[in-house]
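Below is one structure, written out as C-alpha coordinates; comments come after it.
The values are calculated or read from the model by the stated rules, or taken from the named source; none is laboratory data. Just so we're clear, the structure is a prediction, and the values are computed from it rather than from any experiment. Every residue, glycine among them, receives a Cβ derived from its backbone with ideal geometry; neighbour counts consider all protein chains shown. Just the protein is used for accessible areas: all its heavy atoms, side chains included, with ligands, DNA and RNA removed. Shrake-Rupley method; radii C 1.70, N 1.55, O 1.52, S 1.80 Å.
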Amino acid sequence: MSLSLKKTPIPEQDPKIRTNNFSEVALGYTEEDAATEAARCLQCKTAPCRQGCPVEVDIPAFIGHIKKGDIQAAADNLKAVNSLPAVCGRVCPQEEQCEKFCVLGKKGEPVAVGRLERYAADYLLKNAKPATPLKYAADAQKVAVIGSGPAGLTTAGDLAKMGYKVTIFEALHMPGGVLMYGIPEFRLPKSVVQAEIQVLKEIGVAVQVNFVVGKTLTVDELMDEEGYDAVFIGTGAGLPYFMGVPGENHSGVYSANEFLTRSNLMKAYRFPEYKTPIYVGKKVAVIGGGNVAMDGARTALRLGAEKSYIVYRRSEKELPARAEEVHHAHEEGIIFQLLTAPIEVLGNEQGWVRGMKSVRMELGEPDASGRRSPVEIPGSEFEIEVDVIVVAIGQGPNPLIQATTKGLATNKKGNITADPETGATSKPGVFAGGDIVTGAATVILAMGAGKKAARAIDAYLKEKK
Ligand SMILES: Cc1cc2nc3c(=O)[nH]c(=O)nc-3n(C[C@H](O)[C@H](O)[C@H](O)COP(=O)(O)OP(=O)(O)OC[C@H]3O[C@@H](n4cnc5c(N)ncnc54)[C@H](O)[C@@H]3O)c2cc1C
Ligand code: SF4
(Lines give C-alpha, C1' and ligand atoms only; values in the text may rest on other atoms or scores of the structure.)
(Ligands and ions follow the chains in the order given, each with its own letter.)
Protein backbone atom coordinates (compact mmCIF):
# COMPACT_ATOMS: atom_id res chain seq x y z
CA MET A 1 0.00 0.00 0.00
CA SER A 2 1.45 3.41 -0.94
CA LEU A 3 1.84 5.95 1.82
CA SER A 4 -0.55 8.87 1.95
CA LEU A 5 1.04 12.20 1.05
CA LYS A 6 -1.30 13.89 3.49
CA LYS A 7 -1.35 13.97 7.29
CA THR A 8 -4.15 12.02 8.95
CA PRO A 9 -6.67 14.75 9.81
CA ILE A 10 -7.35 15.48 13.48
CA PRO A 11 -11.03 15.51 14.50
CA GLU A 12 -12.20 18.99 15.46
CA GLN A 13 -15.30 20.60 16.93
CA ASP A 14 -17.58 22.11 14.29
CA PRO A 15 -16.84 25.87 13.99
CA LYS A 16 -20.52 26.79 14.45
CA ILE A 17 -20.68 24.89 17.73
CA ARG A 18 -17.25 25.69 19.12
CA THR A 19 -17.67 29.47 18.98
CA ASN A 20 -20.31 29.02 21.71
CA ASN A 21 -18.05 27.17 24.11
CA PHE A 22 -14.52 27.18 25.52
CA SER A 23 -13.89 23.45 25.03
CA GLU A 24 -10.93 22.30 23.01
CA VAL A 25 -11.13 22.84 19.24
CA ALA A 26 -8.92 19.92 18.21
CA LEU A 27 -10.21 16.72 19.78
CA GLY A 28 -7.09 14.56 19.38
CA TYR A 29 -6.35 11.40 17.42
CA THR A 30 -8.27 8.18 17.97
CA GLU A 31 -6.28 4.95 18.31
CA GLU A 32 -6.92 4.26 14.63
CA ASP A 33 -5.87 7.77 13.52
CA ALA A 34 -2.65 7.49 15.53
CA ALA A 35 -1.82 4.08 14.07
CA THR A 36 -2.46 5.35 10.52
CA GLU A 37 -0.30 8.43 11.03
CA ALA A 38 2.52 6.56 12.80
CA ALA A 39 2.62 4.14 9.85
CA ARG A 40 3.61 7.08 7.60
CA CYS A 41 6.91 7.55 9.50
CA LEU A 42 9.80 5.97 7.59
CA GLN A 43 11.92 5.57 10.75
CA CYS A 44 14.81 7.30 8.98
CA LYS A 45 18.21 6.32 10.41
CA THR A 46 19.46 9.90 10.21
CA ALA A 47 16.18 11.26 11.65
CA PRO A 48 16.42 14.78 10.21
CA CYS A 49 13.26 15.72 12.15
CA ARG A 50 15.29 15.56 15.38
CA GLN A 51 17.45 18.53 14.46
CA GLY A 52 14.30 20.68 14.61
CA CYS A 53 13.49 19.77 18.22
CA PRO A 54 15.07 22.05 20.84
CA VAL A 55 14.26 19.58 23.65
CA GLU A 56 15.87 16.63 21.85
CA VAL A 57 12.86 14.31 21.57
CA ASP A 58 13.81 11.01 19.88
CA ILE A 59 11.05 11.36 17.30
CA PRO A 60 11.42 8.10 15.34
CA ALA A 61 11.72 6.14 18.59
CA PHE A 62 8.50 7.42 20.12
CA ILE A 63 6.61 7.12 16.84
CA GLY A 64 8.05 3.59 16.46
CA HIS A 65 6.44 2.63 19.79
CA ILE A 66 3.07 3.96 18.58
CA LYS A 67 3.52 1.91 15.41
CA LYS A 68 3.92 -1.19 17.56
CA GLY A 69 0.88 -0.21 19.64
CA ASP A 70 2.95 0.34 22.81
CA ILE A 71 1.64 3.80 23.73
CA GLN A 72 2.99 3.66 27.29
CA ALA A 73 6.53 3.19 25.93
CA ALA A 74 5.99 6.09 23.50
CA ALA A 75 4.86 8.31 26.37
CA ASP A 76 7.74 7.22 28.64
CA ASN A 77 10.17 7.99 25.85
CA LEU A 78 8.75 11.51 25.46
CA LYS A 79 8.55 12.21 29.17
CA ALA A 80 12.21 11.24 29.70
CA VAL A 81 13.33 14.39 27.87
CA ASN A 82 10.26 16.62 27.74
CA SER A 83 8.44 17.58 30.96
CA LEU A 84 5.48 19.02 29.00
CA PRO A 85 4.65 16.76 26.01
CA ALA A 86 0.86 17.24 26.23
CA VAL A 87 1.46 21.01 26.09
CA CYS A 88 3.95 20.80 23.19
CA GLY A 89 1.69 18.43 21.26
CA ARG A 90 -0.96 21.14 21.30
CA VAL A 91 0.79 24.49 20.93
CA CYS A 92 4.33 23.92 19.66
CA PRO A 93 4.79 25.39 16.14
CA GLN A 94 5.86 21.98 14.77
CA GLU A 95 5.61 23.25 11.20
CA GLU A 96 8.62 25.46 11.98
CA GLN A 97 10.42 22.83 14.07
CA CYS A 98 10.58 19.03 13.65
CA GLU A 99 8.02 18.77 10.84
CA LYS A 100 9.95 21.29 8.75
CA PHE A 101 12.81 18.78 8.50
CA CYS A 102 10.72 15.61 7.95
CA VAL A 103 11.67 13.87 4.67
CA LEU A 104 8.02 13.31 3.77
CA GLY A 105 7.66 17.09 3.54
CA LYS A 106 9.67 17.07 0.29
CA LYS A 107 6.87 15.43 -1.70
CA GLY A 108 3.79 15.88 0.46
CA GLU A 109 2.91 16.71 4.05
CA PRO A 110 5.34 15.79 6.83
CA VAL A 111 4.50 13.26 9.53
CA ALA A 112 2.15 14.91 12.07
CA VAL A 113 4.71 14.67 14.87
CA GLY A 114 2.82 17.11 17.11
CA ARG A 115 -0.50 15.28 16.86
CA LEU A 116 1.23 11.97 17.66
CA GLU A 117 3.04 13.58 20.58
CA ARG A 118 -0.29 14.81 21.95
CA TYR A 119 -1.82 11.36 21.48
CA ALA A 120 0.92 9.61 23.49
CA ALA A 121 1.06 12.32 26.17
CA ASP A 122 -2.72 12.30 26.62
CA TYR A 123 -2.62 8.52 27.01
CA LEU A 124 -0.22 9.03 29.90
CA LEU A 125 -2.46 11.66 31.51
CA LYS A 126 -5.56 9.48 31.16
CA ASN A 127 -3.82 6.47 32.66
CA ALA A 128 -1.81 8.51 35.15
CA LYS A 129 -0.44 6.89 38.26
CA PRO A 130 1.34 9.20 40.72
CA ALA A 131 5.01 9.52 39.73
CA THR A 132 7.55 7.97 42.07
CA PRO A 133 9.14 10.68 44.27
CA LEU A 134 12.85 10.99 43.56
CA LYS A 135 15.34 10.48 46.38
CA TYR A 136 17.57 13.45 47.15
CA ALA A 137 20.88 13.30 49.01
CA ALA A 138 20.80 15.00 52.42
CA ASP A 139 23.42 17.48 51.21
CA ALA A 140 21.83 18.02 47.78
CA GLN A 141 22.43 21.55 46.52
CA LYS A 142 19.48 23.92 46.25
CA VAL A 143 18.34 25.73 43.10
CA ALA A 144 15.77 28.52 42.93
CA VAL A 145 13.80 28.75 39.68
CA ILE A 146 12.02 32.07 39.21
CA GLY A 147 8.93 31.91 37.02
CA SER A 148 6.87 28.81 36.22
CA GLY A 149 6.41 29.16 32.46
CA PRO A 150 7.79 26.53 30.07
CA ALA A 151 11.40 27.71 30.61
CA GLY A 152 11.22 27.48 34.41
CA LEU A 153 9.27 24.20 34.43
CA THR A 154 11.79 22.54 32.09
CA THR A 155 14.81 23.71 34.09
CA ALA A 156 13.15 22.60 37.32
CA GLY A 157 12.20 19.15 35.98
CA ASP A 158 15.62 18.46 34.49
CA LEU A 159 17.50 19.61 37.61
CA ALA A 160 15.23 17.58 39.92
CA LYS A 161 15.97 14.49 37.83
CA MET A 162 19.70 15.26 38.27
CA GLY A 163 19.28 15.19 42.06
CA TYR A 164 19.05 18.89 42.97
CA LYS A 165 16.50 20.30 45.40
CA VAL A 166 14.48 22.70 43.30
CA THR A 167 11.98 25.35 44.38
CA ILE A 168 9.99 27.32 41.82
CA PHE A 169 8.95 30.84 42.85
CA GLU A 170 5.94 32.14 40.94
CA ALA A 171 4.37 35.61 41.22
CA LEU A 172 0.84 34.52 40.23
CA HIS A 173 -1.46 32.25 42.24
CA MET A 174 -1.17 29.38 39.73
CA PRO A 175 1.97 27.97 38.10
CA GLY A 176 2.27 27.68 34.30
CA GLY A 177 3.08 31.21 33.02
CA VAL A 178 1.57 31.98 29.61
CA LEU A 179 0.32 28.39 29.40
CA MET A 180 -2.13 29.32 32.19
CA TYR A 181 -2.80 33.02 31.75
CA GLY A 182 -2.32 33.60 28.02
CA ILE A 183 -3.19 30.63 25.81
CA PRO A 184 -6.97 30.05 25.93
CA GLU A 185 -8.68 26.94 27.26
CA PHE A 186 -9.98 26.08 23.76
CA ARG A 187 -6.39 25.58 22.55
CA LEU A 188 -4.78 24.31 25.73
CA PRO A 189 -6.99 23.06 28.58
CA LYS A 190 -5.72 24.26 31.93
CA SER A 191 -6.27 20.79 33.41
CA VAL A 192 -3.62 19.49 30.96
CA VAL A 193 -1.10 22.13 32.09
CA GLN A 194 -1.76 21.44 35.78
CA ALA A 195 -1.54 17.66 35.25
CA GLU A 196 1.94 18.01 33.73
CA ILE A 197 3.00 20.36 36.58
CA GLN A 198 1.59 17.86 39.09
CA VAL A 199 4.10 15.26 37.87
CA LEU A 200 6.94 17.69 38.61
CA LYS A 201 5.56 18.21 42.12
CA GLU A 202 5.33 14.44 42.61
CA ILE A 203 8.98 13.92 41.73
CA GLY A 204 9.89 16.51 44.36
CA VAL A 205 9.90 20.00 42.79
CA ALA A 206 8.52 22.51 45.34
CA VAL A 207 6.30 25.29 43.95
CA GLN A 208 5.76 28.53 45.89
CA VAL A 209 3.05 30.68 44.34
CA ASN A 210 2.17 34.31 45.17
CA PHE A 211 5.92 34.92 45.54
CA VAL A 212 7.19 37.96 43.63
CA VAL A 213 10.97 37.80 43.45
CA GLY A 214 12.22 41.37 43.68
CA LYS A 215 9.48 42.21 46.19
CA THR A 216 8.92 39.24 48.53
CA LEU A 217 12.66 38.49 48.43
CA THR A 218 15.36 39.54 45.95
CA VAL A 219 17.65 37.24 43.96
CA ASP A 220 20.54 38.26 46.25
CA GLU A 221 18.48 37.42 49.34
CA LEU A 222 17.57 34.01 47.92
CA MET A 223 21.27 33.27 47.41
CA ASP A 224 22.85 34.96 50.43
CA GLU A 225 20.17 34.43 53.10
CA GLU A 226 18.06 31.48 51.92
CA GLY A 227 21.04 29.37 50.86
CA TYR A 228 20.23 28.76 47.19
CA ASP A 229 23.38 27.64 45.37
CA ALA A 230 22.16 28.74 41.94
CA VAL A 231 19.24 30.66 40.45
CA PHE A 232 17.45 30.32 37.11
CA ILE A 233 15.41 33.31 35.91
CA GLY A 234 12.56 32.49 33.53
CA THR A 235 10.29 35.46 34.10
CA GLY A 236 9.04 35.85 30.53
CA ALA A 237 7.78 38.75 28.46
CA GLY A 238 4.63 39.86 30.22
CA LEU A 239 4.85 43.63 29.88
CA PRO A 240 2.26 44.78 27.34
CA TYR A 241 3.08 47.31 24.61
CA PHE A 242 0.47 49.88 23.57
CA MET A 243 0.04 51.68 20.24
CA GLY A 244 0.70 55.20 21.56
CA VAL A 245 -2.19 56.70 19.57
CA PRO A 246 -4.50 59.47 20.90
CA GLY A 247 -7.51 58.21 22.88
CA GLU A 248 -5.89 54.91 23.88
CA ASN A 249 -6.76 55.57 27.55
CA HIS A 250 -10.52 55.32 26.95
CA SER A 251 -12.43 52.68 28.92
CA GLY A 252 -12.81 49.57 26.79
CA VAL A 253 -9.18 49.42 25.63
CA TYR A 254 -7.42 46.37 27.02
CA SER A 255 -3.93 45.02 26.59
CA ALA A 256 -4.18 41.45 25.23
CA ASN A 257 -2.40 40.43 28.41
CA GLU A 258 -5.20 41.80 30.64
CA PHE A 259 -8.01 40.58 28.37
CA LEU A 260 -6.65 37.03 28.17
CA THR A 261 -5.62 36.86 31.84
CA ARG A 262 -9.13 37.85 32.89
CA SER A 263 -10.64 35.18 30.68
CA ASN A 264 -8.12 32.34 31.18
CA LEU A 265 -6.47 32.59 34.57
CA MET A 266 -9.31 34.39 36.34
CA LYS A 267 -11.96 32.39 34.43
CA ALA A 268 -14.11 35.41 33.50
CA TYR A 269 -15.68 33.23 30.81
CA ARG A 270 -17.42 31.45 33.69
CA PHE A 271 -18.67 34.68 35.35
CA PRO A 272 -20.54 34.88 37.78
CA GLU A 273 -19.40 31.43 39.00
CA TYR A 274 -15.94 33.05 39.05
CA LYS A 275 -15.91 36.66 40.27
CA THR A 276 -13.83 38.35 37.55
CA PRO A 277 -15.98 40.30 35.05
CA ILE A 278 -15.01 41.01 31.45
CA TYR A 279 -16.63 43.54 29.11
CA VAL A 280 -16.70 42.68 25.39
CA GLY A 281 -19.55 44.76 23.98
CA LYS A 282 -20.91 43.88 20.55
CA LYS A 283 -17.96 44.73 18.31
CA VAL A 284 -14.37 44.00 19.25
CA ALA A 285 -11.22 44.97 17.34
CA VAL A 286 -8.01 43.12 18.16
CA ILE A 287 -4.92 44.95 16.95
CA GLY A 288 -2.06 42.71 15.76
CA GLY A 289 -1.51 39.56 13.71
CA GLY A 290 0.29 37.07 15.94
CA ASN A 291 -0.92 34.11 18.00
CA VAL A 292 -1.82 36.49 20.81
CA ALA A 293 -4.09 38.51 18.51
CA MET A 294 -5.80 35.36 17.15
CA ASP A 295 -6.38 34.19 20.74
CA GLY A 296 -7.86 37.57 21.66
CA ALA A 297 -10.24 37.70 18.67
CA ARG A 298 -11.39 34.09 19.08
CA THR A 299 -11.88 34.59 22.83
CA ALA A 300 -13.98 37.73 22.21
CA LEU A 301 -16.25 35.76 19.89
CA ARG A 302 -16.76 33.06 22.51
CA LEU A 303 -17.49 35.71 25.14
CA GLY A 304 -20.44 36.91 23.04
CA ALA A 305 -19.11 39.57 20.64
CA GLU A 306 -21.24 39.77 17.48
CA LYS A 307 -18.30 40.95 15.40
CA SER A 308 -14.67 40.27 16.14
CA TYR A 309 -12.02 41.91 13.95
CA ILE A 310 -8.32 41.31 13.48
CA VAL A 311 -6.83 44.65 12.52
CA TYR A 312 -3.36 44.18 11.00
CA ARG A 313 -1.20 46.59 9.08
CA ARG A 314 0.28 44.09 6.61
CA SER A 315 -1.45 41.47 4.40
CA GLU A 316 -2.52 37.91 5.21
CA LYS A 317 0.78 36.53 3.91
CA GLU A 318 2.77 38.38 6.58
CA LEU A 319 0.57 37.38 9.55
CA PRO A 320 3.03 36.08 12.17
CA ALA A 321 0.45 33.72 13.76
CA ARG A 322 0.62 29.98 13.10
CA ALA A 323 -1.20 29.03 9.88
CA GLU A 324 -3.43 26.67 11.86
CA GLU A 325 -4.58 29.49 14.15
CA VAL A 326 -5.35 31.76 11.19
CA HIS A 327 -7.28 28.92 9.53
CA HIS A 328 -9.32 28.32 12.69
CA ALA A 329 -9.99 32.06 13.06
CA HIS A 330 -11.31 32.22 9.46
CA GLU A 331 -13.50 29.16 10.04
CA GLU A 332 -14.99 30.82 13.13
CA GLY A 333 -15.93 33.98 11.28
CA ILE A 334 -13.27 36.41 12.55
CA ILE A 335 -13.23 39.42 10.22
CA PHE A 336 -9.73 40.19 8.91
CA GLN A 337 -9.32 43.93 8.43
CA LEU A 338 -5.91 43.75 6.78
CA LEU A 339 -3.56 46.51 5.55
CA THR A 340 -5.10 48.74 8.21
CA ALA A 341 -3.47 50.75 11.01
CA PRO A 342 -5.37 52.51 13.83
CA ILE A 343 -4.39 56.16 14.30
CA GLU A 344 -6.88 57.24 17.00
CA VAL A 345 -9.28 55.66 19.47
CA LEU A 346 -12.60 57.48 19.48
CA GLY A 347 -14.63 57.81 22.69
CA ASN A 348 -18.16 58.75 23.70
CA GLU A 349 -19.14 61.35 26.34
CA GLN A 350 -18.85 58.80 29.15
CA GLY A 351 -15.25 58.06 28.17
CA TRP A 352 -15.94 54.64 26.59
CA VAL A 353 -14.63 53.49 23.24
CA ARG A 354 -17.06 54.06 20.35
CA GLY A 355 -14.77 53.52 17.39
CA MET A 356 -11.36 53.66 15.87
CA LYS A 357 -9.98 56.00 13.23
CA SER A 358 -7.67 54.07 10.90
CA VAL A 359 -5.69 54.45 7.71
CA ARG A 360 -5.23 51.99 4.87
CA MET A 361 -1.75 50.69 4.14
CA GLU A 362 0.07 49.25 1.15
CA LEU A 363 3.20 47.10 1.15
CA GLY A 364 6.54 48.73 0.39
CA GLU A 365 10.12 47.46 0.46
CA PRO A 366 11.15 44.59 2.79
CA ASP A 367 12.31 45.78 6.24
CA ALA A 368 14.98 44.31 8.58
CA SER A 369 12.71 41.30 9.32
CA GLY A 370 12.54 40.52 5.58
CA ARG A 371 8.80 41.25 5.47
CA ARG A 372 7.47 43.97 3.20
CA SER A 373 6.91 47.05 5.33
CA PRO A 374 3.52 48.73 5.51
CA VAL A 375 3.29 52.25 4.04
CA GLU A 376 0.37 54.56 4.77
CA ILE A 377 -1.85 55.52 1.81
CA PRO A 378 -2.33 59.32 2.07
CA GLY A 379 -5.94 60.45 2.50
CA SER A 380 -7.22 56.93 3.23
CA GLU A 381 -8.61 57.62 6.71
CA PHE A 382 -11.78 55.78 7.70
CA GLU A 383 -13.64 54.83 10.88
CA ILE A 384 -14.49 51.42 12.28
CA GLU A 385 -17.29 51.26 14.84
CA VAL A 386 -16.23 49.18 17.86
CA ASP A 387 -17.01 48.96 21.61
CA VAL A 388 -13.83 47.24 22.74
CA ILE A 389 -10.22 47.30 21.53
CA VAL A 390 -7.66 44.67 22.50
CA VAL A 391 -4.06 45.66 21.80
CA ALA A 392 -1.92 42.66 20.86
CA ILE A 393 1.13 44.25 19.24
CA GLY A 394 3.77 42.59 21.42
CA GLN A 395 5.14 42.36 24.94
CA GLY A 396 8.38 43.39 26.59
CA PRO A 397 10.38 41.75 29.40
CA ASN A 398 9.03 41.74 32.96
CA PRO A 399 11.37 44.37 34.50
CA LEU A 400 11.34 43.77 38.27
CA ILE A 401 14.25 41.35 38.66
CA GLN A 402 16.56 43.37 36.42
CA ALA A 403 15.83 46.45 38.57
CA THR A 404 16.46 44.69 41.90
CA THR A 405 19.43 42.41 41.18
CA LYS A 406 22.96 43.74 41.53
CA GLY A 407 25.34 42.98 38.66
CA LEU A 408 22.77 41.55 36.22
CA ALA A 409 23.48 42.83 32.70
CA THR A 410 20.59 43.62 30.35
CA ASN A 411 20.32 44.78 26.74
CA LYS A 412 18.71 47.97 25.39
CA LYS A 413 15.23 46.43 25.43
CA GLY A 414 15.62 45.35 29.07
CA ASN A 415 16.07 41.63 28.33
CA ILE A 416 18.57 39.80 30.52
CA THR A 417 21.83 39.16 28.69
CA ALA A 418 22.66 35.44 28.79
CA ASP A 419 24.94 33.03 26.92
CA PRO A 420 22.73 31.30 24.31
CA GLU A 421 24.45 27.96 24.94
CA THR A 422 24.38 27.93 28.75
CA GLY A 423 22.05 30.66 29.94
CA ALA A 424 24.87 32.04 32.13
CA THR A 425 24.32 35.72 32.98
CA SER A 426 26.84 38.34 34.08
CA LYS A 427 26.20 37.37 37.73
CA PRO A 428 27.94 34.21 38.99
CA GLY A 429 25.49 31.41 39.81
CA VAL A 430 22.59 33.15 38.06
CA PHE A 431 21.26 31.73 34.78
CA ALA A 432 18.36 32.88 32.59
CA GLY A 433 16.37 31.66 29.61
CA GLY A 434 13.12 31.87 27.66
CA ASP A 435 11.28 35.05 26.72
CA ILE A 436 13.08 37.13 29.38
CA VAL A 437 16.29 36.64 27.34
CA THR A 438 15.06 36.34 23.75
CA GLY A 439 11.97 38.55 23.87
CA ALA A 440 8.54 37.04 23.13
CA ALA A 441 9.16 33.75 21.28
CA THR A 442 7.69 30.23 21.57
CA VAL A 443 7.02 27.56 24.15
CA ILE A 444 9.53 25.13 22.67
CA LEU A 445 12.33 27.70 22.42
CA ALA A 446 11.76 28.60 26.08
CA MET A 447 11.90 24.90 26.96
CA GLY A 448 15.07 24.42 24.90
CA ALA A 449 16.70 27.30 26.78
CA GLY A 450 15.60 25.74 30.08
CA LYS A 451 17.17 22.44 29.10
CA LYS A 452 20.51 24.01 28.20
CA ALA A 453 20.49 26.05 31.42
CA ALA A 454 19.80 22.94 33.53
CA ARG A 455 22.91 21.27 32.08
CA ALA A 456 25.00 24.39 32.68
CA ILE A 457 23.71 24.75 36.27
CA ASP A 458 24.61 21.11 36.90
CA ALA A 459 28.16 21.74 35.63
CA TYR A 460 28.41 24.95 37.70
CA LEU A 461 27.21 23.26 40.90
CA LYS A 462 29.52 20.26 40.47
CA GLU A 463 32.43 22.67 40.11
CA LYS A 464 31.23 24.69 43.14
CA LYS A 465 31.00 21.57 45.30
C1 LIG B 1 -1.64 34.66 24.25
C2 LIG B 1 -0.38 33.94 23.88
C3 LIG B 1 -0.46 32.87 23.00
C4 LIG B 1 0.70 32.18 22.65
N5 LIG B 1 0.60 31.11 21.83
C6 LIG B 1 1.69 30.35 21.57
C7 LIG B 1 1.61 29.16 20.80
O8 LIG B 1 0.55 28.78 20.32
N9 LIG B 1 2.73 28.43 20.61
C10 LIG B 1 3.93 28.81 21.14
O11 LIG B 1 4.91 28.10 20.98
N12 LIG B 1 4.06 29.95 21.86
C13 LIG B 1 2.97 30.72 22.09
N14 LIG B 1 3.08 31.87 22.83
C15 LIG B 1 4.42 32.25 23.34
C16 LIG B 1 4.83 31.39 24.53
O17 LIG B 1 3.73 31.18 25.38
C18 LIG B 1 5.99 32.02 25.29
O19 LIG B 1 7.05 32.17 24.39
C20 LIG B 1 6.44 31.15 26.46
O21 LIG B 1 5.40 30.95 27.38
C22 LIG B 1 7.64 31.76 27.18
O23 LIG B 1 7.95 30.98 28.29
P24 LIG B 1 8.75 31.55 29.55
O25 LIG B 1 8.90 30.40 30.48
O26 LIG B 1 9.99 32.24 29.08
O27 LIG B 1 7.83 32.69 30.17
P28 LIG B 1 6.27 32.79 30.65
O29 LIG B 1 5.44 31.69 30.08
O30 LIG B 1 5.92 34.17 30.36
O31 LIG B 1 6.38 32.56 32.20
C32 LIG B 1 7.03 33.49 33.04
C33 LIG B 1 6.50 33.34 34.45
O34 LIG B 1 7.30 34.12 35.34
C35 LIG B 1 6.48 34.73 36.29
N36 LIG B 1 7.18 35.91 36.84
C37 LIG B 1 7.46 37.08 36.21
N38 LIG B 1 8.12 37.90 37.03
C39 LIG B 1 8.26 37.25 38.22
C40 LIG B 1 8.85 37.58 39.47
N41 LIG B 1 9.44 38.75 39.67
N42 LIG B 1 8.79 36.66 40.49
C43 LIG B 1 8.20 35.45 40.30
N44 LIG B 1 7.61 35.10 39.13
C45 LIG B 1 7.66 35.97 38.10
C46 LIG B 1 5.24 35.09 35.49
O47 LIG B 1 4.12 35.31 36.35
C48 LIG B 1 5.07 33.85 34.63
O49 LIG B 1 4.29 32.87 35.26
C50 LIG B 1 1.95 32.60 23.18
C51 LIG B 1 2.02 33.70 24.02
C52 LIG B 1 0.88 34.37 24.38
C53 LIG B 1 0.98 35.55 25.32
S1 SF4 C 1 12.03 12.61 9.18
FE2 SF4 C 1 9.79 12.19 9.16
S3 SF4 C 1 9.68 10.11 8.34
FE4 SF4 C 1 11.81 10.37 8.95
S5 SF4 C 1 11.93 9.62 11.12
FE6 SF4 C 1 11.47 11.83 11.23
S7 SF4 C 1 9.22 11.93 11.34
FE8 SF4 C 1 9.72 9.86 10.59
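Residues that are free of Cβ contacts under 8 Å to residues at least 60 places away in the same chain, away from ligand 1 (no atom under 13 Å from the Cβ) and surrounded by 14 or more Cβ atoms within 10 Å (Cβ to Cβ): does the range 389-398 have at least one? No, every residue in the range 389-398 fails to be free of Cβ contacts under 8 Å to residues at least 60 places away in the same chain, away from ligand 1 (no atom under 13 Å from the Cβ) and surrounded by 14 or more Cβ atoms within 10 Å (Cβ to Cβ). Note on the range 333-349: residues that are open to solvent by less than 20 Å² (accessible area, probe 1.4 Å) and in a loop (DSSP other than H, G, I, E, B) amount to 1.
A residue that is out of contact with any helix residue (DSSP H, G or I) (no Cβ under 9 Å at 6 or more places or on another chain), touching a residue at least 24 places away in the same chain (Cβ under 8 Å) and over 19 Å from GLU196 (Cβ atoms) can be found somewhere in the range 94-107. ALA35 meets all of the listed conditions (1) within 28 Å of PRO184 (Cβ to Cβ); (2) away from ligand 1 (no atom under 16 Å from the Cβ); (3) surrounded by fewer than 21 Cβ atoms within 10 Å (Cβ to Cβ) but one, namely (1). Residues in the range 162-187 that are more than 8 Å from ligand 1 (Cβ to nearest atom) and closer than 30 Å to LEU27 by Cα: HIS173, MET174, GLU185, PHE186.
Give the range 240-279 a look and list any residue that's among the aliphatic types (A, V, I, L, M) and touching a residue at least 60 places away in the same chain (Cβ under 8 Å), or say none.
MET243, VAL245, VAL253, ALA256, LEU260, LEU265
Taking the criterion of being surrounded by fewer than 12 Cβ atoms within 10 Å (Cβ to Cβ) and modelled with pLDDT of 95 or more, the residues of the range 350-377 that qualify are GLN350, GLY351. Taken as a whole, the range 317-329 holds at least one residue that is more than 16 Å from ligand 1 (Cβ to nearest atom), under 24 Å from the mean Cα position of the chain (by Cα), open to solvent by 40 Å² or more (accessible area, probe 1.4 Å) and free of Cβ contacts under 8 Å to residues at least 60 places away in the same chain.
For the range 414-433, the condition of being within 29 Å of LEU301 (Cβ to Cβ), in a loop (DSSP other than H, G, I, E, B) and away from ligand 2 (no atom under 16 Å from the Cβ) holds for none of the residues. Sort out which residues of the range 109-168 are in a loop (DSSP other than H, G, I, E, B) and either within 16 Å of ligand 2 (Cβ to nearest atom) or among the charged types (D, E, K, R) (or both), and write them in order of number. If the condition is that a residue be in a loop (DSSP other than H, G, I, E, B) and either within 16 Å of ligand 2 (Cβ to nearest atom) or among the charged types (D, E, K, R) (or both), then GLU109, PRO110, VAL111, ALA112, LYS129, LYS135, ASP139 are the ones that fit. Evaluating PRO85 against the criteria (1) open to solvent by less than 40 Å² (accessible area, probe 1.4 Å); (2) over 30 Å from GLN194 (Cβ atoms); (3) more than 11 Å from ligand 2 (Cβ to nearest atom); (4) not hydroxyl-bearing (Ser, Thr, Tyr) leaves one unmet condition, (2). Scanning the range 350-396 for residues that are assigned to a loop (DSSP other than H, G, I, E, B) and within 30 Å of GLY434 (Cβ to Cβ) yields ASP367, ALA368, SER369, GLY370, ARG371, ALA392, ILE393, GLY394. Within the range 224-231, not a single residue is closer than 30 Å to ARG322 by Cβ and surrounded by 18 or more Cβ atoms within 10 Å (Cβ to Cβ). For the range 44-77, filtered to residues that are more than 14 Å from ligand 2 (Cβ to nearest atom) and open to solvent by less than 10 Å² (accessible area, probe 1.4 Å), the residue that is farthest from THR132 (Cα to Cα) is VAL55. Among the criteria (1) over 30 Å from ALA305 (Cβ atoms); (2) surrounded by fewer than 20 Cβ atoms within 10 Å (Cβ to Cβ); (3) in contact (Cβ under 8 Å) with a residue 60 or more places away in the chain; (4) not basic (Lys, Arg), the one ALA80 does not fulfil is (3). Here the strands (runs of 3 or more DSSP E) wholly within the range 205-274 that include at least 2 residues being under 30 Å from ALA300 (Cα atoms) and away from ligand 2 (no atom under 16 Å from the Cβ) are 253-255. When VAL430 is tested against (1) closer than 24 Å to VAL178 by Cα; (2) under 23 Å from the mean Cα position of the chain (by Cα), just one condition goes unmet, and that condition is (2). For the range 129-161, a residue qualifies if it is within 16 Å of ligand 1 (Cβ to nearest atom) and of a type in the set (A, V, I, L, M), and the qualifying residues are VAL143, ALA144, VAL145, ILE146, ALA151, LEU153, ALA156, LEU159. Scanning the range 434-451 for residues that are at negative phi, in contact (Cβ under 8 Å) with a residue 24 or more places away in the chain and crowded, with 24+ Cβ neighbours inside 10 Å gives ASP435, ILE436, VAL443, ILE444, ALA446, MET447, ALA449, GLY450.
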